Amino acid sequence: MTKISGFSKLTKAEKIDWVCKHYLQGQDEAKSVVEQYWNSNEKLQKLHDEFAENTISNYYLPFGLAPNFIIDDKVYCIPMAIEESSVVAAASKAAKFWGNKGGFKTQVIGTTKVGQVHFSCQSEYHQLKEVFEKHKSQFFEDANEITKNMERRGGGIKNIELVNKTDQLEHYYQLHCTFETVDAMGANFINSCLEQFGKTLEKIAHDLNVEVIMCILSNYVPECLVRAEVSCPIQDLAAKAEDAKNFARRFKQAVDIANIEPYRAVTHNKGIMNGIDAVVLATGNDFRAVEAGVHAYAAKDGQYKSLTHVDIENNLFKFWIEVPIAVGTVGGLTSLHPLVKVALSILGNPSAEQLMRIIAVAGLAQNFGAVNSLVTDGIQKGHMKMHLLNILNQFEATNNEKAQAIEYFKTHSATHNAVVDFINRIRS
């Protein structure tokens, strides 16, 4: 392995030559693969190059569509960017299942986002509190230049609180700040406000030996919350009454297990995030931030639990999710990435609140599809059939071999070994 100084100053071609020389020796195809993933449109490629640093190529994910979602009595076709087999199919199947049962109903519970100024203070808490309360309005005034445009759009700073954390860490305090960012995700806005708050704090508390450690938004947003729900009479869950009753019982038990068993809950919620992340990514939002906030919310009661819930009462089956989703539909990649613009257009150019609703529905639909499979045929039957083409592509199957395999595995279990055996048989 070879170190290098000034790598960022190299041209793209020089970066590729360097990595091929020092890390891909003997891999003659590597350079051509890197170049094959460039966009032939130079302007578009330059745009992609500037999304991140030290770029040498593009990394593509499939951009799929899950149609026929009825959300709050409106039909949606949901774009999803994901590489995992069966995710889009499961979402589409859930959309179809619930489409003639009233569809999905949603509610945005809150849109408040959070940021904090973390600081230490050597003085007594009552002195700090007195100074903070006396000068609290100064924080808002000093941030006027930053907030005026956001305020015109209906957002801005909601509140600033002084929080004493010295019982957990010596001399440690916070300014816990809440914001409304309307249709923007708001990270830059929030961080700019917080850095100004830090300057104001040092100014008003200069006699109290205050040291600002850091000013940063939080991706834990338990008050930026959305709920999605489906419901129907139990008898509508299956053609036969006894089958419907049994399905409802087993489905509820599966979700209840994920609510008390963390090992199951993690995989259960991962399936939910298959749907959520795919829409977040397709719409140019930060799926890492959403992931972090969602998983923190799943553990808010001190134990990691299911994000979805089931209730069966008075012969009614109700399945719902409440999940924190902080996303935007203006700014960032939403204004730059051509496919993101297409994705948002497909969704009818939603507001941030509308996008929260759509994303929550995608997560709920995905979870319904996964649990449905688990308590009926098992997860592998459908998943492996969707994964069949991936296995065939690994063996560079011809179109004729693929056609034979697809026909054969309509009635046979599509395990990896079974596919390998089938390919070997037809080739010999």
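Remarks
- Scanning the range 344-361 for residues that are crowded, with 22+ Cβ neighbours inside 10 Å and in contact with a helix residue (DSSP H, G or I) (Cβ under 7 Å, 6 or more places away or on another chain), we see that the one that is nearest to T106 (Cα to Cα) is I358.
- The listed residues are A265, A238, A205, A254, and the only one of them that is surrounded by fewer than 23 Cβ atoms within 10 Å (Cβ to Cβ), of a type in the set (A, V, I, L, M, F, W, C) and at pLDDT below 95 turns out to be A238.
- Q122 being closer than 30 Å to V210 by Cβ and either surrounded by fewer than 19 Cβ atoms within 10 Å (Cβ to Cβ) or not hydroxyl-bearing (S, T, Y) (or both): yes
- Looking only at residues of the range 318-332 that are within 14 Å of the chain's Cα centre (by Cα) and of a type in the set (A, V, I, L, M), we find that the one that is nearest to H268 (Cα to Cα) is V323.
- Residue check for T415: within 24 Å of N274 (Cα to Cα) and surrounded by fewer than 16 Cβ atoms within 10 Å (Cβ to Cβ): yes
- Failed criterion for F287 (all others in (1) crowded, with 17+ Cβ neighbours inside 10 Å; (2) in contact (Cβ under 8 Å) with a residue 12 or more places away in the chain hold): (2)
- Here the helices (runs of 4 or more DSSP H) wholly within the range 334-419 that include at least 1 residues being modelled with pLDDT under 80 and not aromatic (F, W, Y) are 379-394, 399-408.
- Restricting the range 60-117 to residues that are among the acidic types (D, E) and modelled with pLDDT under 95, the residue that is nearest to S192 (Cα to Cα) is E83.
- Of the residues making up the range 66-76, not a single one is touching a residue at least 60 places away in the same chain (Cβ under 8 Å), of a type outside the set (D, E, K, R) and over 25 Å from N372 (Cα atoms).
- Taken together, A66, A52 contain a single residue that is in contact with a strand residue (DSSP E or B) (Cβ under 6 Å, 6 or more places away or on another chain), closer than 30 Å to K270 by Cα and either in the same structural domain as L364 (by TED's automatic domain parsing) or small (G, A, S) (or both), which is A66.
- Only one of the numbered conditions (1) aliphatic (A, V, I, L, M); (2) over 30 Å from I359 (Cβ atoms); (3) surrounded by fewer than 11 Cβ atoms within 10 Å (Cβ to Cβ) is violated by A30, and that is (3).
- The range 324-350 residues that are hydroxyl-bearing (S, T, Y), paired with ones that are not in a loop (DSSP other than H, G, I, E, B) (beta carbon under 7 Å, 6 or more apart): T329/L344; T329/A352; T329/L355; T334/V340; T334/L344
- Flag not set for L364, criterion: among the aliphatic types (A, V, I, L, M), over 30 Å from N41 (Cβ atoms) and surrounded by fewer than 23 Cβ atoms within 10 Å (Cβ to Cβ).
- Condition met for F422 (assigned to a helix (DSSP H, G or I), among the aromatic types (F, W, Y) and at pLDDT 85 or above): no
- Count of the range 192-241 residues, restricted to those that are outside any helix (DSSP H, G or I), within 27 Å of D311 (Cα to Cα) and of a type outside the set (S, T, Y), is 15.
- Inter-residue pairs, beta-carbon under 6 Å, first in the same structural domain as V266 (by TED's automatic domain parsing) and at pLDDT below 95 and in the range 300-320, second surrounded by 14 or more Cβ atoms within 10 Å (Cβ to Cβ) and not polar (S, T, N, Q), 6+ apart: none
- Taking residues in the range 149-178 that are touching a residue at least 60 places away in the same chain (Cβ under 8 Å), and partners anywhere that are in a strand (DSSP E or B) and among the acidic types (D, E), the pairs with Cβ atoms closer than 6 Å and at least 6 places apart or on different chains are H176/E161.
To keep it simple, each residue is scored yes or no on (1) of a type in the set (D, E, K, R); (2) over 23 Å from D286 (Cβ atoms).
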site: T2; (1), (2): no, yes
site: F7; (1), (2): no, yes
site: L10; (1), (2): no, yes
site: G26; (1), (2): no, yes
site: L44; (1), (2): no, no
site: E50; (1), (2): yes, no
site: F63; (1), (2): no, no
site: N68; (1), (2): no, yes
site: Y76; (1), (2): no, no
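The values are calculated or read from the model by the stated rules, or taken from the named source; none is laboratory data. Predicted model, so just to flag it, every value in this text is computed and none were measured. Quick reminder, even Gly has a Cβ in these numbers, built from the backbone with ideal geometry, and neighbours come from all protein chains shown.
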